[in-house]
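*Asks:* This is the structure I have questions about; it appears just below.
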Amino acid sequence: MLVRLTHILALAWLAGIACADEEPLRVCADPMNPPLSTQQEEGFENQIAKLFAQALKKPVVYTWYPQRIGFLRNTLQAKDPETDKYKCDVVMGLPAGFELAATTKPYYRSTYVLVIAQGKGFDDIDQPEKLFALPAERKAKLKIAMFDRTPGVTWLLRHGLIDWGHTYQAMTGDPKVNTALTLEQEFAADRVNMAVVWGPLGAYLSLKHPKDYRLLPLKSEPGIRFDYAIAMGVRRDDKVLKAKLDELIEQNKETITALLKRYQVPLVDKEGNLL
């Protein structure tokens, strides 16, 4: 009797593994967050998800939700009321060590950048620090986009440039408002001629308009951190998926780096130096 029970339990355990293996790679993502993710699956996070799914011989299935306050609560941590299953299992981009999820090993590190529109009178600025010493008449022509609750605001304040800052919301209630797209519109309308923004978002501009923008990486300084390591996130108890993602990140390190470079993401080392 005991042997038979053990056999039944073993079969059930193996069946559970088989079912888990048949599950698709279920990704939580923002449908309108270029160049990271889009519903058309054009972002670099979409491409990495596709790469991993191919390695696992699984399809990718998305749960789309705007990456705003409540994103994890409505995706990674939320259950479908009809099936009682979690809606999705992995977020492709979170800061390493993010406290609301279990994060994998980092798969890239980037930094904030100063984006400068070319042909607007500031083509000679090849280092962010050169802004500090500009004469008053040139400073008066600065129109720098900055996003609330980001280190760019602190940097402009510290270095006496805040008076020429134009504030935008990093997160709004409108799911169709995206930082990269907002900047593209504001630059085109000549409402700004510079911006301090997260590197991958700045890269969207230089990728789409290669002759129109220069990106200058910003290095962290005491009290202002600009560079961050980015990882993937899963639920805290999903140790199996986390281990598999760690393995895939290690196995595909060179491919991932090459992909990020195709998207012109500024990659830096732990000291903030460009790779």
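The values are calculated or read from the model by the stated rules, or taken from the named source; none is laboratory data. Since we're looking at a predicted model, the values are computed, not measured. For neighbour counting, all protein chains shown are included, and Cβ atoms are generated from backbone atoms with ideal geometry for every residue, glycine included.
*Asks:* Return yes or no: is Pro66 assigned to a loop (DSSP other than H, G, I, E, B), within 24 Å of the chain's Cα centre (by Cα), closer than 26 Å to Pro34 by Cβ and modelled with pLDDT of 95 or more? Break it down stepwise before answering.
*Replies:* Values: assigned to a loop (DSSP other than H, G, I, E, B): yes; within 24 Å of the chain's Cα centre (by Cα): yes; closer than 26 Å to Pro34 by Cβ: yes; modelled with pLDDT of 95 or more: no.
Judged against the criteria, Pro66 is not a match.
*Asks:* Residue check, Tyr213 against (1) surrounded by 15 or more Cβ atoms within 10 Å (Cβ to Cβ); (2) outside the structural domain of Gly121 (by TED's automatic domain parsing), all met but one. Which one?
*Replies:* (2)
*Asks:* Filter region 191-243 for residues that are over 30 Å from Thr63 (Cβ atoms), assigned to a loop (DSSP other than H, G, I, E, B) and touching a residue at least 40 places away in the same chain (Cβ under 8 Å) and give the result.
*Replies:* As a first pass, look at region 191-243 and keep what is over 30 Å from Thr63 (Cβ atoms): 191-196, 206, 209-226.
After this cut, where a residue has to be assigned to a loop (DSSP other than H, G, I, E, B) as well, the list is 191-193, 209-212, 218-220, 222-223, 225-226.
If the condition is that a residue be over 30 Å from Thr63 (Cβ atoms), assigned to a loop (DSSP other than H, G, I, E, B) and touching a residue at least 40 places away in the same chain (Cβ under 8 Å), then Arg191, Val192, Asn193, Lys211, Asp212, Leu218, Lys219, Ser220, Gly223, Arg225, Phe226 are the ones that fit.
*Asks:* Looking at region 122-145, can you tell me whether even one residue there is within 30 Å of Leu259 (Cβ to Cβ) and part of a strand (DSSP E or B)?
*Replies:* yes
*Asks:* So Ile116 passes all but one of these: (1) loosely packed, with under 15 Cβ neighbours inside 10 Å; (2) not in a helix (DSSP H, G or I). Which condition number does it fail?
*Replies:* That leaves (1) as the condition not met.
*Asks:* Picking from Val90, Val60, which residue would you name as being of a type in the set (A, V, I, L, M), free of Cβ contacts under 8 Å to residues at least 40 places away in the same chain and in contact with a helix residue (DSSP H, G or I) (Cβ under 9 Å, 6 or more places away or on another chain)? Quick ask: steps written out before the conclusion?
*Replies:* Numbers: Val90 fails: free of Cβ contacts under 8 Å to residues at least 40 places away in the same chain.
So the residue among Val90, Val60 that is of a type in the set (A, V, I, L, M), free of Cβ contacts under 8 Å to residues at least 40 places away in the same chain and in contact with a helix residue (DSSP H, G or I) (Cβ under 9 Å, 6 or more places away or on another chain) is Val60.
*Asks:* Quick check: is even one residue across region 70-91 closer than 28 Å to Ser220 by Cα, part of a loop (DSSP other than H, G, I, E, B) and aliphatic (A, V, I, L, M)?
*Replies:* For region 70-91, residues closer than 28 Å to Ser220 by Cα, part of a loop (DSSP other than H, G, I, E, B) and aliphatic (A, V, I, L, M): absent.
*Asks:* Yes or no: Val197 surrounded by fewer than 16 Cβ atoms within 10 Å (Cβ to Cβ), within 29 Å of Asn74 (Cβ to Cβ) and in contact with a helix residue (DSSP H, G or I) (Cβ under 8 Å, 6 or more places away or on another chain)?
*Replies:* On the way: surrounded by fewer than 16 Cβ atoms within 10 Å (Cβ to Cβ): no; within 29 Å of Asn74 (Cβ to Cβ): yes; in contact with a helix residue (DSSP H, G or I) (Cβ under 8 Å, 6 or more places away or on another chain): yes.
The answer is no for Val197.
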